[in-house]
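All of the numbers you see were taken from the coordinates with simple rules; none came from a lab. Note that the structure is a prediction, hence the values are computed from the model and not measured. Reconstructed Cβ throughout: ideal geometry from the backbone, glycine too, with neighbour counts over all protein chains shown.
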Amino acid sequence: MIEIDLTSIEVIGLAIAQEVEAYKRYQLMALQVKNPLVREKFHSLAREEKAHREMLYNLLKRYTGEAKPPLPKKAPRLSRTFDLKVPMPEIILEAIEKERQAVRFYKDAANKSNDPTGKRILLYLALFEEGHERSLQIEYDSVAKYPQWFDFDGADIQLVGP
């Protein structure tokens, strides 16, 4: 996915931008559903993306002392389009694809990294993004099985467990 040579700092800058976009995406998705369980899942994903951003900012500050990441002009950009006018299942499929892009980006960046700490952080983030992808797939499967899943409000939901 990364076809040009980027410095570790530039990779961190791109990763920060990606995490900011993912945070915004999940916050917007949370506003689109009535089901409190799904809404909380989207808020939880947003919080995790925010934590990833903070981790990357801390790494950037440790390496450079700077707070603003550089974004090289020739660097690859992950798609930032996000249309809330389409049905929620399509939005979730798009979010799943964006998580897949993030996994590929982090793994590719880790493979090209010469810094052991940076490599570990990038691989850690790739694992987290894979978890996000699985979580979104569960929501997609739920709405495929129960088309009204996102429209249930608190009174319609019954939790069954041990």
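Take the Cα gyration tensor of the stretch 8-152, multiply each eigenvalue by 5, square-root it, and list the three semi-axes largest first, rounded to whole angstrom.
Square roots of five times the eigenvalues give 30, 14, 13 Å.
So which lysines pass the test for Lys85, namely a Cα distance under 17 Å, with those fewer than 8 places away in the same chain ruled out?
Within the straight-line limit of under 17 Å, Lys85 reaches these lysines: Lys24, Lys34.
Given 0.36 nm per residue, what is the gain on full extension from Glu54 to Ala144 after removing their alpha carbon distance, in nm?
Full extension from Glu54 to Ala144 adds 28.9 nm.
When you count, for each residue, the other Cβ atoms within 10 Å and take the mean per peptide, how do 133-140, 101-108 rank with the highest first?
Listed from highest to lowest mean packing, they are 101-108, 133-140.
Would you mind calculating the gained length between Arg100 and Lys112 on full extension (0.36 nm times residue separation, minus the Cα-Cα distance), in nm to one decimal? Before the final figure, lay out the partial values.
Values: separation 12, 0.36 × 12 = 4.32 nm, distance 1.84 nm.
My answer for the length gained is 2.5 nm.
Label Glu66 and Lys34 with points 7 Å out from Cα along Cα→Cβ: what is the distance between them in nm?
Inter-label distance under the simple model: 4.9 nm.
Return the sequence-ordered ³J(HN,Hα) values of the stretch 38-48 in whole Hz as given by the Karplus equation 6.51 cos²θ - 1.76 cosθ + 1.60 applied to θ = phi - 60°, using x for Gly and Pro.
Each residue's phi maps through the Karplus curve to give 5, 4, 5, 4, 5, 5, 5, 4, 4, 4, 5 Hz.
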